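Let me begin by presenting the structure, written as structure tokens, before commenting on it.
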There are 2 protein chains.
Amino acid sequence: MSLSKKKLEKAAFILRTIAHPTRLAVIEWLQQHDQLTVNQLVELTGCEQSLLSHHLSNMKLKGLLTAKKSGTNVLYKLKEKQLTQVVRCIEKCDCNMS
Amino acid sequence: MSLSKKKLEKAAFILRTIAHPTRLAVIEWLQQHDQLTVNQLVELTGCEQSLLSHHLSNMKLKGLLTAKKSGTNVLYKLKEKQLTQVVRCIEKCDCNMS
DNA sequence: TTCGTATATGAACACATGTTCATACCTTTG
DNA sequence: CAAAGGTATGAACATGTGTTCATATACGAA
């Protein structure tokens, strides 16, 4: 039995949403710190504020993160904890990046 | 400790390479059948020959599949078995596909 | 209210990716 | 050798994604 078309599409959708170094970094940091502000993530990832904000809103829109205002800050949180395992799964994979 | 930039890039690279319903289907079928010809995969996935061939060459190029000629057929094989686990990881994830 | 800090937004652009189509290349068979 | 089946290739195009920049918004402090 194969996975249904729907399931494959959902999986592909999620994979596309996280398939970026910065977004993977965000996921990693949010697993370790539960919740972080945009500025903290800017520091941690080294990604520029505006760009990171785009990444974050996108991940939030797609349902992978949640955001909560706290004064002038916004606290982002990882909604789907299993996502960190994805990286673990493929860490040992070989590939040709050239 | 966070993952190094290199590791994040590699992970993102692999995720991008598999983040497509057809390619995920190929991975699933190749886990279940060890090796399959292009035509068999055309049947199983419902993807058109030429398009599937593009997907396959690409995955091979990136090092996720291997290919072996056998007469007029080409047998594709999953090189990185762990890839099927990625799908398992995110199967239960919620997301907003709208 | 005015200022400074934190975050978001939208347009514009560059670049990557998915798809189609026509056709080429091999191999086997007659 | 010709024909047929299986697979690959390349151009062309449409679409999606990542990035930058300028600017907007929201909030807290003075």
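Scanning the stretch A:43-66 turns up at least one residue that is modelled with pLDDT of 95 or more and closer than 16 Å to B:Val86 by Cβ. Applying the set (1) more than 10 Å from DNA strand D (Cβ to nearest atom); (2) modelled with pLDDT of 95 or more; (3) of a type in the set (A, V, I, L, M) to A:Ala12 leaves exactly one unmet item: (1). For the stretch A:48-66, the set of residues classified as surrounded by fewer than 17 Cβ atoms within 10 Å (Cβ to Cβ), near DNA strand C (Cβ under 10 Å from one of its atoms) and within 14 Å of another protein chain (Cβ to nearest Cβ) consists of A:Ser57, A:Asn58, A:Leu61, listed by residue number.
Filtering the stretch B:20-37 to residues that are under 13 Å from B:Leu78 (Cα atoms) and either within 11 Å of chain A (Cβ to nearest Cβ) or touching a helix residue (DSSP H, G or I) at 6+ places or on another chain (Cβ under 9 Å) (or both) leaves B:Arg23, B:Leu24, B:Ala25, B:Val26, B:Ile27, B:Glu28, B:Trp29, B:Leu30, B:Gln31, B:Gln32, B:His33, B:Leu36.
Residues of the stretch A:1-44 that are among the β-branched types (Val, Ile, Thr) and either more than 12 Å from DNA strand C (Cβ to nearest atom) or over 15 Å from the mean Cα position of the chain (by Cα) (or both): A:Ile14, A:Thr17, A:Ile18, A:Thr22, A:Ile27. The combined condition, being outside any strand (DSSP E or B), polar (S, T, N, Q) and modelled with pLDDT of 95 or more, is not fulfilled by B:Ser98.
Residue-level check: of (1) under 22 Å from B:His20 (Cα atoms); (2) more than 15 Å from DNA strand D (Cβ to nearest atom); (3) of a type outside the set (S, T, N, Q), A:Asp34 misses just (1).
Can you tell which of A:Lys81, A:Lys77 is under 20 Å from B:Cys95 (Cβ atoms), more than 11 Å from DNA strand D (Cβ to nearest atom) and either surrounded by 13 or more Cβ atoms within 10 Å (Cβ to Cβ) or in contact (Cβ under 8 Å) with a residue 60 or more places away in the chain (or both)? Walk me through how you get there before you give the answer.
On the way: A:Lys81 fails: either surrounded by 13 or more Cβ atoms within 10 Å (Cβ to Cβ) or in contact (Cβ under 8 Å) with a residue 60 or more places away in the chain (or both).
So the residue among A:Lys81, A:Lys77 that is under 20 Å from B:Cys95 (Cβ atoms), more than 11 Å from DNA strand D (Cβ to nearest atom) and either surrounded by 13 or more Cβ atoms within 10 Å (Cβ to Cβ) or in contact (Cβ under 8 Å) with a residue 60 or more places away in the chain (or both) is A:Lys77.
The values are calculated or read from the model by the stated rules, or taken from the named source; none is laboratory data. Bear in mind the structure is a predicted one, so any value in this text is a computation, not a measurement. Cβ coordinates were reconstructed from backbone atoms using ideal geometry, including for glycine residues, and neighbour counts include every protein chain displayed.
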